Amino acid sequence: ALERTLSIIKPDAVAKNVVGEIYTRFEKAGLKVVAAKMKHLSKQEAEGFYAVHRERPFFAALVEFMISGPVMIQALQGDNAVLKNRELMGATNPKDAAPGTIRADFADSIDANAVHGSDSLENAAIEIAYFFPATDVYAR
Ligand code: CMP
């Protein structure tokens, strides 16, 4: 089914200057960028985005990392977009990520793991709305 998912290129990957290489992987897999912006998140924005992880032991480190530099945020649209993006990303921990995935190729650690992607269609809608008003998402 045609889906949308929320993708974030994290501060480590932006600093490595691989935004274009990661976009190319989305495009080659048939995912279209339908909204995008670069943003240096505030602490409040990062905490709100990751609110589901608030009680996890890694929450504070995750928020500090996500505000350590600008991120590139995009909504991706395509057939089966949520799962397709997760397959492109690879496992959360780059040590477990399959060869050829974004995290295997660009991530350094479970914290600095290059990209975020929505884990379900339901969360995708919530996460896209968190960063983009509906008028800034361009169906194509
Ligand atoms: P992300 O997909 O952005 O969602 C939450 C992030 O927390 C995750 O990627 C990791 O970068 C980070 N994280 C750090 N430690 C863990 C952990 N033990 N389990 C899951 N995520 C973790």
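Enumerate the pairs (first residue in region 111-123 and in contact (Cβ under 8 Å) with a residue 60 or more places away in the chain; second residue anywhere and open to solvent by 40 Å² or more (accessible area, probe 1.4 Å) and near the ligand (Cβ under 7 Å from one of its atoms)) with beta-carbon separation below 8 Å, excluding pairs fewer than 6 apart on the same chain, so at least 6 apart or on different chains.
Going by the 8 Å Cβ cut-off, the qualifying pairs are Asn113/Thr92.
Scan region 71-94 for residues that are open to solvent by 20 Å² or more (accessible area, probe 1.4 Å) and under 21 Å from Lys39 (Cα atoms) and jot them down.
Met72
Return only the number of the condition from (1) within 14 Å of the ligand (Cβ to nearest atom); (2) touching a residue at least 12 places away in the same chain (Cβ under 8 Å); (3) surrounded by 15 or more Cβ atoms within 10 Å (Cβ to Cβ) that Ala97 does not satisfy.
Result: Ala97 passes all but (2).
So, of the residues in region 100-119 that are in a loop (DSSP other than H, G, I, E, B), open to solvent by less than 70 Å² (accessible area, probe 1.4 Å) and of a type in the set (A, V, I, L, M, F, W, C), which turns out to be nearest to Ala29 (Cα to Cα)?
Filtering region 100-119 for residues that are in a loop (DSSP other than H, G, I, E, B), open to solvent by less than 70 Å² (accessible area, probe 1.4 Å) and of a type in the set (A, V, I, L, M, F, W, C), the one nearest to Ala29 (Cα to Cα) comes out as Ala114.
Looking at this structure, is Glu122 among the acidic types (Asp, Glu), away from the ligand (no atom under 13 Å from the Cβ) and assigned to a helix (DSSP H, G or I)?
yes
Just checking, does region 32-49 include any residue being within 13 Å of the ligand (Cβ to nearest atom) and either closer than 17 Å to Asp119 by Cβ or at pLDDT below 95 (or both)?
yes
When you check Phe59 against the structure, is it closer than 15 Å to Phe132 by Cα and within 12 Å of the ligand (Cβ to nearest atom), yes or no?
no
Is one or more of the residues making up region 47-70 within 16 Å of Val14 (Cα to Cα), in a loop (DSSP other than H, G, I, E, B) and open to solvent by less than 20 Å² (accessible area, probe 1.4 Å)?
Looking for residues that are within 16 Å of Val14 (Cα to Cα), in a loop (DSSP other than H, G, I, E, B) and open to solvent by less than 20 Å² (accessible area, probe 1.4 Å), one finds at least one in region 47-70, hence yes.
Output the residue which, of all residues in region 19-46 that are surrounded by fewer than 19 Cβ atoms within 10 Å (Cβ to Cβ), β-branched (Val, Ile, Thr) and in contact with a helix residue (DSSP H, G or I) (Cβ under 8 Å, 6 or more places away or on another chain), is nearest to Gly90 (Cα to Cα).
Val19
The values are calculated or read from the model by the stated rules, or taken from the named source; none is laboratory data. None of these values were measured; they are calculated from a predicted model. Cβ coordinates were reconstructed from backbone atoms using ideal geometry, including for glycine residues, and neighbour counts include every protein chain displayed. For the accessible areas, the whole protein counts, side chains as well, though only heavy atoms, and no ligand, DNA or RNA atoms are used. Shrake-Rupley method; radii C 1.70, N 1.55, O 1.52, S 1.80 Å.
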